[in-house]
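The values are calculated or read from the model by the stated rules, or taken from the named source; none is laboratory data. From a predicted model like this one, the values you see are computed outputs, not experimental measurements. Cβ sites come from the backbone with ideal geometry, for glycine too, and all protein chains shown count toward neighbours. Side chains included, ligands, DNA and RNA excluded: accessible areas come from the protein's heavy atoms. Shrake-Rupley method; radii C 1.70, N 1.55, O 1.52, S 1.80 Å.
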Amino acid sequence: MDRNDHLAAHRRPTATRPLLGLTILVVEDSRFACDAMRLLCLRSGARIRRADCLRSARRHLQVYRPSVVIVDLGLPDGSGAELISELAIACPRVDVLLGTSGDSFAEEVALAAGADGFLAKPISSVTGFQNAILSALPPERQPTGPRLVIDDPILPDPLAYRDDMAHAADVLDDRDDERSIRYVTQFLTGVARSAGDRALQSAAEDLADARRSGRPTQTSLARVAALVQDRLTDRLAM
């Protein structure tokens, strides 16, 4: 732990901020999803740190020991399940290890890798976020007494969504790299779902279907790339 983490560990949770004293490492490549996590942590009293890939997360964990680690399963340099498996058997083990994704099959993958629980995207409920963490804490770390929760909607910064579109556009520049296309398809499906961008979500899902079925992907890929550029050039589209 760093100096501030050590001080945070002695802060007592309250009825309105039940995660006070916890430091949460969020391993997440989407800035939009991470901003949602930031707001959830802010309302809950937890301190947040972020890593955007497996390499960054591993480097972080060599220096700091967070109380909670939340790992997105689809990362640019591999599957988050790899990191979950590593952390599940590490000694000492983090108190809470959660997986997160917007894919329907991802919860099973995360739990099989050793996660204590799972957060399905989009993550918008403060209560659900707190419950997922508190229920996985050791009994001696769980706060006692009632909790007062104001479950107002979580509204991440639209500029974070624009950052995600810029990231996707960079990846889409290399359309001959199969791994890059697989990654950006998954990335855009999840980000668009979290942001409620139905047009982009549908296009990304169509691209994923074409890839799975072995159909030509040029048309679907061009549609996805065009929608991403629309969102970069037209602020009203975000």
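The condition (being in a loop (DSSP other than H, G, I, E, B), under 23 Å from residue 158 (Cα atoms) and out of contact with any Phe, Trp or Tyr (no Cβ under 6 Å at 6 or more places or on another chain)) is satisfied by just one residue among 35, 29: 29. Report, by residue number, each residue of the stretch 15-31 that is open to solvent by 20 Å² or more (accessible area, probe 1.4 Å) and in contact (Cβ under 8 Å) with a residue 60 or more places away in the chain. Answer for the stretch 15-31, where residues must be open to solvent by 20 Å² or more (accessible area, probe 1.4 Å) and in contact (Cβ under 8 Å) with a residue 60 or more places away in the chain: 15, 16, 31. Taking the stretch 118-131 as the range and being in contact with a Leu (Cβ under 9 Å, 6 or more places away or on another chain), in a helix (DSSP H, G or I) and open to solvent by 20 Å² or more (accessible area, probe 1.4 Å) as the test, only 128 passes. Of the set (1) under 20 Å from residue 120 (Cβ atoms); (2) open to solvent by less than 60 Å² (accessible area, probe 1.4 Å); (3) within 18 Å of the chain's Cα centre (by Cα), all apply to residue 186 but (2). The residues of the stretch 41-73 that are assigned to a helix (DSSP H, G or I) and either touching a Leu at 6+ places or on another chain (Cβ under 9 Å) or open to solvent by 50 Å² or more (accessible area, probe 1.4 Å) (or both), listed by number, are 41, 42, 43, 44, 54, 55, 57, 58, 59, 60, 61.
When residue 104 is tested against (1) at pLDDT below 95; (2) among the small types (Gly, Ala, Ser); (3) open to solvent by less than 10 Å² (accessible area, probe 1.4 Å), exactly one condition is not met: (3).
Of the listed requirements (1) farther than 23 Å from residue 80 by Cα; (2) of a type in the set (Ser, Thr, Tyr); (3) surrounded by 17 or more Cβ atoms within 10 Å (Cβ to Cβ), residue 202 misses just one: (3). Every condition in (1) touching a residue at least 24 places away in the same chain (Cβ under 8 Å); (2) out of contact with any helix residue (DSSP H, G or I) (no Cβ under 6 Å at 6 or more places or on another chain); (3) open to solvent by 70 Å² or more (accessible area, probe 1.4 Å) is met by residue 218 except one, and the failing one is (1).
With respect to the conditions (1) open to solvent by 70 Å² or more (accessible area, probe 1.4 Å); (2) at pLDDT 90 or above; (3) of a type outside the set (Ser, Thr, Tyr), residue 146 falls short on a single one, namely (2).
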